[in-house]
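Colleague: My structure is below; once you've seen it, I'll send some questions.
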Amino acid sequence: MGDAPASDMDSNKPSPDSEVPSEVDRQPFGGLEFQVSEVVGRLEAGVNAQDVEEEEKKPETRKISAGFFEPEEMPMDDILKVLEDLVLKTDPSCDSVEPPLLPTDAVTRAAILSHSISALFARLERSHAARLGAHIASETTRWMAHMFRLTDYNAYYHQEQMEGLVRVTRMLLHHRYPRYLEDGALAFANRLPSIYSCVASPLGVVQHLCRQLGLPLACVRPVPVSSNGKSMDIEALDRLCEEDAAGGRTPLLVLGEVGGPPLGRGCPLAALSELCARRNIHLHVRGHALALPAALGRDETYSIADSLTLTPGPWFGVPGLPTVTFYKIPEPITANDHSKGVSATGSREGALAALAGLTAGAARLAALPLWTCARAAGVTRLARRVEHAFRAARAARALVASTDLKLLSDRPGGDEPPNVDLVEAISQASACVAFQFAPPDVEKPPAYYDKLNSWLGQVLQREADMISIEVCETEAHGVVLRFCPLEGAPESAADAWGAALDAQLAVLRATVALREPFRRRVAQHAALRLVRVPGWAGLGGVRYVPPGWEDAPPDELNALNRQLVDTLRATDGAFSCGDGDDGMACVRFGMVTADTDVDELLDLVLSAGKDVEENSKQLTDMTEVLKKGISAAQEELAREAWQEGLLRRVPVVGRVVSWWAPPAPPAGRRLLLAHGTLQTTDDVYRFVQKKEKEEPARAHSPTRNRLEEQ
């Protein structure tokens, strides 16, 4: 199936996106404030039945404390202006005079407005808010289930992405450990629950789950990766479940992923679901590939997992939307379970009690932004946005495949043949493009390539107007670059991305090709030392150590090399100062192009190093001369003072000598830098006295006065 142009994404139906934004829409905060005020005013007029006072009682004037800042009353226009100024001040890279906010369309504005409306609904009576929230949640659940082809699920809406998984796991603990409500963690002290997660999945998920529920990390059971290195090993999972059941543990939860970070790989859902059903284990699935049914547009539905986590906000490209957790209420405990002496009815009631937080009125009102977004855009248009994200991922993968970069992710879904089952399509689909710069036929590149990939990712991240690249570190492949349009990334132009990528790849290839010649040339120069610079992706680092400086103190060598870098940067900005793995300063060589002459660069370093060395030597010699001259002057002055004052120190005689011959002022000394010798300042003193005597005589000279009058 061919990919349609990106411009045709929303062309079937006129939408507010295609309208020219008005002057109000261009204002960063003022336009939204106007809409919020208008909507809230209309809702207050229709909802509030009670009479309100026309004018609130003016608060008493408070004295301002000397130790605290107390804001004064401000109009809304001034508050918005303060907010705009704060946005500008907190963004150091912003050079414009307007807040750097992304443009918003009608769907995004509707989602933003819904948060204000949700706050307004908090003033309703509890029963009224519960009925309203139930209606909104019911409609939203029906729409989302239809869009993503889900059946027989309840839905929970929440802001924190993993909150739904935490609530579902707490429900399972109440279900499998009926004494959990009364005994807490003591209920499973003798029979630990087991949570199974693939070793390739992010560790932060299970860590967050254990912290929130107070479970020890011993509950986490890592499952190895299958032989193909792409998914969870189902046979190994089955063996772990068998070992836990025989060892007095309770297999509780399996965390499956489809299209999850960082490489977008998934697990075989059909086989995983069959194992969980046979072992009576709850299966929770998460990942971007769950958005694939909306892009396929098939009428086929599925209900294979016990719970799923969907993130419609990033998928639709709309901020502020809640995360949705679809779940099934567990069945009562049977006689085959470990709690044979526990009532099945009590177990189910405990699990339903744990669901109270999932069905509360506040949780139902959390669906309002998603309900508003679906109303503003329509389910068809939202599905088209998901389809466009998969198309963008496929175009990016084709672009990367045309280069010599190493592709680590499978082909993004969205164009599966009709004979592929929906569950199988989700299991095999990738929602991102993961790649890296690596040598051919190598499973894990050397450590130096991690630095190169980090540099490439940082350069591409600076092109934020075109692409959104994430730098990930994996255990099996090292540093990997990842592009995922389903994570709210802006639309990218393939041509512009290709040009930027080709330019940087040329630099990477040239740097790798010249790295070994650079090391050989450095070894041929006695005054240069090759230095290993941690985290540096350029050619490498060298330290200038001229002959005779081998035993110099580290501070002097650091000062010499820093001065050398300052001199080199005046010629070429590719040089920089860094610290080697020994902690001493060195000259870093950055990324280079294919036409770079390594010998010319090293000759430039040697030439500049000699100049810096000579200047440093002159400065060192001058410093030594000054030190010796000052020391000699102090010794001579002290000796003269002692000889002059010998008789003056004798009692009685000293007073007579001082009266008869008053002490002369101490003689001064001057240091001649050209010869490094000391001389007295008597001649200078006599010259000054002579000039002072001549000045009054010249001032009273008649000839001088007549000349001045003329």
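Colleague: Looking for something over 17 Å from A189 (Cα atoms), under 29 Å from the mean Cα position of the chain (by Cα) and at pLDDT 90 or above - is there at least one such residue anywhere in the range 235-256?
Modeller: Yes: the range 235-256 contains one or more residues that are over 17 Å from A189 (Cα atoms), under 29 Å from the mean Cα position of the chain (by Cα) and at pLDDT 90 or above.
Colleague: Being over 25 Å from A271 (Cα atoms) and either open to solvent by 20 Å² or more (accessible area, probe 1.4 Å) or β-branched (V, I, T) (or both) is the requirement here; does Y180 meet it?
Modeller: Against the criterion (over 25 Å from A271 (Cα atoms) and either open to solvent by 20 Å² or more (accessible area, probe 1.4 Å) or β-branched (V, I, T) (or both)), Y180 qualifies.
Let's see how each residue does on (1) at pLDDT 90 or above; (2) small (G, A, S):
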position	(1), (2)
S343	no, yes
A353	no, yes
G357	no, yes
A363	no, yes
L368	yes, no
T372	yes, no
E387	yes, no
A396	no, yes
N419	no, no
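Colleague: Further, regarding this structure: Any chance you could count how many residues in the range 111-122 are open to solvent by 70 Å² or more (accessible area, probe 1.4 Å) and at pLDDT 80 or above?
Modeller: The total comes to 1.
Colleague: Also, I was wondering about something else. Which ones in the range 274-285 are within 27 Å of P418 (Cβ to Cβ) and either outside any strand (DSSP E or B) or open to solvent by 10 Å² or more (accessible area, probe 1.4 Å) (or both)?
Modeller: The one that is within 27 Å of P418 (Cβ to Cβ) and either outside any strand (DSSP E or B) or open to solvent by 10 Å² or more (accessible area, probe 1.4 Å) (or both): E274.
Colleague: Here's a follow-up. Write out, first by first residue and then by second, each pair whose Cβ atoms fall under 6 Å of each other, whose residues are 6+ apart or on separate chains, and whose first residue, in the range 225-248, is more than 19 Å from H282 (Cβ to Cβ) and free of Cβ contacts under 8 Å to residues at least 24 places away in the same chain while the second is acidic (D, E) and not in a helix (DSSP H, G or I).
Modeller: So the pair list comes out as S226/D233.
Colleague: Kindly indicate the residue of the range 115-127 that is free of Cβ contacts under 8 Å to residues at least 60 places away in the same chain and part of a helix (DSSP H, G or I) and also farthest from P369 (Cα to Cα) among those meeting that condition.
Modeller: Among those that are free of Cβ contacts under 8 Å to residues at least 60 places away in the same chain and part of a helix (DSSP H, G or I), it is S127.
Colleague: What's the total number of residues in the range 538-583 that are open to solvent by less than 40 Å² (accessible area, probe 1.4 Å), more than 14 Å from L604 (Cβ to Cβ), touching a residue at least 40 places away in the same chain (Cβ under 8 Å) and aliphatic (A, V, I, L, M)?
Modeller: Adding up the residues that qualify gives 1.
Colleague: Okay, next question. Which members of the range 535-551 meet the condition of being more than 16 Å from F575 (Cα to Cα) and out of contact with any helix residue (DSSP H, G or I) (no Cβ under 9 Å at 6 or more places or on another chain)?
Modeller: Matches in the range 535-551: P547, G548, E550, D551.
Colleague: For the range 411-425, which residues satisfy the criterion of being out of contact with any strand residue (DSSP E or B) (no Cβ under 9 Å at 6 or more places or on another chain) and on the phi < 0 side of the Ramachandran plot?
Modeller: Result: D415, E416, P417, P418, N419, V420, E424, A425.
Colleague: Of the residues G320, G297, G313, which is under 30 Å from the mean Cα position of the chain (by Cα), among the small types (G, A, S) and open to solvent by 10 Å² or more (accessible area, probe 1.4 Å)?
Modeller: G320
Colleague: Restricting attention to the range 128-149, which residues are in contact (Cβ under 8 Å) with a residue 24 or more places away in the chain, closer than 21 Å to T372 by Cβ and either basic (K, R) or not in a helix (DSSP H, G or I) (or both)?
Modeller: Correct list: F148 only.
Colleague: While we're here: Please enumerate the residues belonging to the range 421-449 that are modelled with pLDDT under 90, touching a His at 6+ places or on another chain (Cβ under 9 Å) and among the polar types (S, T, N, Q).
Modeller: S430
Colleague: Here is a further query. If a residue has to be more than 25 Å from S194 (Cα to Cα) and open to solvent by less than 20 Å² (accessible area, probe 1.4 Å) to count, how many in the range 156-171 make the cut?
Modeller: Number satisfying all stated conditions: 2.
Colleague: Being out of contact with any strand residue (DSSP E or B) (no Cβ under 7 Å at 6 or more places or on another chain) and closer than 22 Å to W455 by Cβ is the filter here, so list the residues in the range 579-596 that pass it.
Modeller: D581, M591, V592, T593, A594, D595, T596
Colleague: Given the structure, is G266 within 34 Å of the chain's Cα centre (by Cα), in contact (Cβ under 8 Å) with a residue 40 or more places away in the chain and open to solvent by less than 50 Å² (accessible area, probe 1.4 Å)?
Modeller: So G266 fits the description; yes.
The values are calculated or read from the model by the stated rules, or taken from the named source; none is laboratory data. Since the structure is predicted, the reported quantities are computational estimates derived from the model, not experimental observations. Cβ: placed from backbone, ideal geometry, glycine included. Neighbour counts: every protein chain shown. Keep in mind that these areas ignore ligands, DNA and RNA; they rest on the heavy atoms of the full protein, side chains included. Shrake-Rupley method; radii C 1.70, N 1.55, O 1.52, S 1.80 Å.
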